[in-house]
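The values are calculated or read from the model by the stated rules, or taken from the named source; none is laboratory data. Just so it is clear, the structure is predicted and the values come from calculations on it, not from any experiment. Methodologically, a virtual Cβ is constructed for each residue, glycine included, from the backbone with ideal geometry; neighbour enumeration extends over all protein chains shown. Side chains are part of the model used for accessible areas, which takes the heavy atoms of the whole protein and leaves out ligands, DNA and RNA. Shrake-Rupley method; radii C 1.70, N 1.55, O 1.52, S 1.80 Å.
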Amino acid sequence: MAQITSVEPQIKDKTRCSIYVDGRFYCGIKLEVAVKYRLKAGMEIDKSELDNIQLETEKLQATDKALTHISASPKTEKQLRDFLAKKGYVNAVIDYVMERLHYYGYVNDADYCKVYSQSVSNKSKRAIQMELLKRGVDKNIIEETLSEYADDGEEIFTLLKKYLRGKEITKENVYKGCRYLISKGYEYDAVKSACERIYGEED
């Protein structure tokens, strides 16, 4: 057994305190956790028990940081995991935080997909898929979410007209415009229809 020789409030963070064991600094924990477990000078405690108490503090702190991070804008699970990992939290703490956030509905990649796909009107279906994959969303979730999503024909037509603005409507220029849109990820059939409409307007 070890002995807690001092419990001192931290200068830079009044919500935390430093625990000294056998005369040496051992760890820092949330003040509310210290009160909960009645940690005080002279108390005999097993270091493994103190480690578990300190882990509880890490969980609380990591959860607070994650909630603050998502308060600015929604995040995918991978984005949150990466954020917490960069803050130095171990996997056990990160897993705990994600479990709590899932439980309370603060993190849901399927909902994230829906909100994101509806918020980006200037991106093709393929571009949205690539962006969601980059943000760590599971491929199956993306496919299910975007299964009924199709590139907006009117939007593609508008983009093609914008590309051709100031240019002569020639076969070569329209072809370049189509290639440009396809390179941006827009579906071939939808782009082809837009090209046909361009020619139709010229007749």
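Would you work out what percent of the accessible area of the chain, with all protein chains in place, is carbon or sulfur (probe 1.4 Å)? If you can, show how the numbers build up before the last one.
Details: 6270 of 12910 Å².
Ligands and nucleic acids excluded, carbon and sulfur give 49 percent.
When only DSSP loop residues count, what chymotrypsin sites (Phe, Trp or Tyr not before Pro) in region 61-130 have their Cβ near at most 14 other Cβ atoms within 10 Å?
Tyr104
Out of (1) 1.30; (2) 1.34; (3) 0.93, which label holds the value of Rg/Rh (Cα atoms, Kirkwood Rh) that was computed here?
Only one option fits the structure, namely (1).
Where the centre of each part is set by its Cα atoms, how far does region 78-140 sit from region 1-76, in angstrom?
Region 78-140 and region 1-76 have Cα centres spaced 29 Å from each other.
When the dipole is taken about the Cα centre of the chain, and only Lys, Arg (+1) and Asp, Glu (-1) are charged at their Cβ, what size is it in debye, to the nearest 20?
800 debye
Ordered by packing density, taken as the mean number of other Cβ atoms within 10 Å over each peptide's residues, highest first, how do 56-66, 125-135 rank? List each step's numbers first, then the result.
Numbers: 56-66: 19.1, 125-135: 16.5.
Top of the packing list down: 56-66, 125-135.
So what is the relative contact order of region 60-199, in percent, for Cα pairs below 8 Å that sit 6 or more residues apart?
23 percent
Angle, helix 91-103 long axis vs. longest principal axis of the chain, Cα atoms, 0 to 90°, nearest 10?
Taking Cα atoms only, the helix is inclined about 60 degrees.
Using the crude model of +1 on Lys and Arg Cβ and -1 on Asp and Glu Cβ, and no other charge, please compute the dipole size for region 37-154 relative to its Cα centre, in debye to 20.
About 440 debye.
Which loop-located trypsin sites (Lys or Arg not before Pro) does region 11-45 contain, where loop means any DSSP state but H, G, I, E or B and the Cβ has at most 13 other Cβ atoms within 10 Å? Present the calculation step by step, with values, prior to reporting the outcome.
Values: sites: Lys12, Lys14, Arg16, Arg24, Lys30, Lys36, Arg38, Lys40; in loops: Lys12, Lys14, Arg38, Lys40.
For trypsin sites (Lys or Arg not before Pro) across region 11-45 that sit outside H, G, I, E and B with at most 13 neighbouring Cβ atoms in 10 Å, the list reads Lys12, Lys14, Arg38, Lys40.
How much length is gained on full extension from Asp82 to Tyr163, taking 0.36 nm per residue of separation minus their Cα-Cα distance? Spell out each step's value before the answer.
Values: separation 81, 0.36 × 81 = 29.16 nm, distance 3.88 nm.
Difference between extended and current length: 25.3 nm.
Given H placed 1.01 Å from N in the peptide plane, which residues other than close sequence neighbours of Val21 have an amide H under 5 Å from its amide H?
Thr5, Tyr26
Can you tell me the accessible area per residue over the chain, all protein chains present, probe 1.4 angstrom, in square angstrom?
On the way: 12910 Å² over 203 residues.
Per residue, the chain has an accessible area of 64 Å².
Taking +1 at the Cβ of each Lys and Arg and -1 at the Cβ of each Asp and Glu, which of Asn91, Tyr175, Ala127 sits farthest along the dipole of the chain towards its positive end, judged by Cα position relative to the Cα centre?
Asn91
If I model a spin label as a point 7 Å beyond the Cα along the Cα-Cβ vector, how far apart are those points for Tyr188 and Lys139 in nm?
Rounded to a tenth, the inter-label distance reads 2.1 nm.
Can you pick out the pairs among Lys78/Lys192; Lys65/Lys134; Lys87/Lys134 whose Cα atoms lie more than 27 Å from each other?
Lys78/Lys192
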